[in-house]
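Following: one structure in C-alpha cells, then a few remarks.
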C-alpha cells in the first residue's frame, strides 16, 4: 500500500488540496501500476509562522514580499 506524505505551508483552498491529492494518487497509480484503492495520501499543513527558511518564517518572507 503506497503512502505519500506531503507537508506544505497552510493557505491553499480545499479545491487545490483535493486536486493535489488526486494528482498524486494518479501519479503513483501510473508509475507503480498500483491499485488506486490501495494508495494513501496524507497532506499536512503547517502554519506559515512555523515554517522557516534561512532563519525567517514564511510569514515574515511573505510579508516582506520575498516569498
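The values are calculated or read from the model by the stated rules, or taken from the named source; none is laboratory data. Computed from a predicted model, the values in this text were never measured in an experiment. Every residue, glycine among them, receives a Cβ derived from its backbone with ideal geometry; neighbour counts consider all protein chains shown.
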Output the number of residues of the range 1-17 satisfying the condition of being surrounded by 12 or more Cβ atoms within 10 Å (Cβ to Cβ) and closer than 17 Å to residue 37 by Cα.
-> 2
Applying the selection to the range 11-34, what residues are in contact (Cβ under 8 Å) with a residue 24 or more places away in the chain, under 16 Å from residue 1 (Cβ atoms) and out of contact with any helix residue (DSSP H, G or I) (no Cβ under 6 Å at 6 or more places or on another chain)?
-> 28, 32
In the range 1-19, residue nearest to the chain's Cα centre (by Cα) [restricted to those that are assigned to a strand (DSSP E or B) and closer than 14 Å to residue 40 by Cα] | 6
Pull up the range 47-57, narrow it to residues that are touching a strand residue (DSSP E or B) at 6+ places or on another chain (Cβ under 6 Å) and part of a helix (DSSP H, G or I), then point me to the one that is surrounded by the fewest Cβ atoms within 10 Å (Cβ to Cβ).
-> 49
Just wondering, is there one or more residues in the range 35-46 that are without any contact (Cβ under 8 Å) to a residue 12 or more places away in the chain, surrounded by fewer than 11 Cβ atoms within 10 Å (Cβ to Cβ), out of contact with any helix residue (DSSP H, G or I) (no Cβ under 7 Å at 6 or more places or on another chain) and at positive phi?
-> no
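What do you reckon, is residue 61 surrounded by 11 or more Cβ atoms within 10 Å (Cβ to Cβ), at pLDDT below 95 and either assigned to a helix (DSSP H, G or I) or out of contact with any strand residue (DSSP E or B) (no Cβ under 8 Å at 6 or more places or on another chain) (or both)? Spell out the reasoning first.
Working: surrounded by 11 or more Cβ atoms within 10 Å (Cβ to Cβ): yes; at pLDDT below 95: yes; either assigned to a helix (DSSP H, G or I) or out of contact with any strand residue (DSSP E or B) (no Cβ under 8 Å at 6 or more places or on another chain) (or both): yes.
The answer is yes for residue 61.
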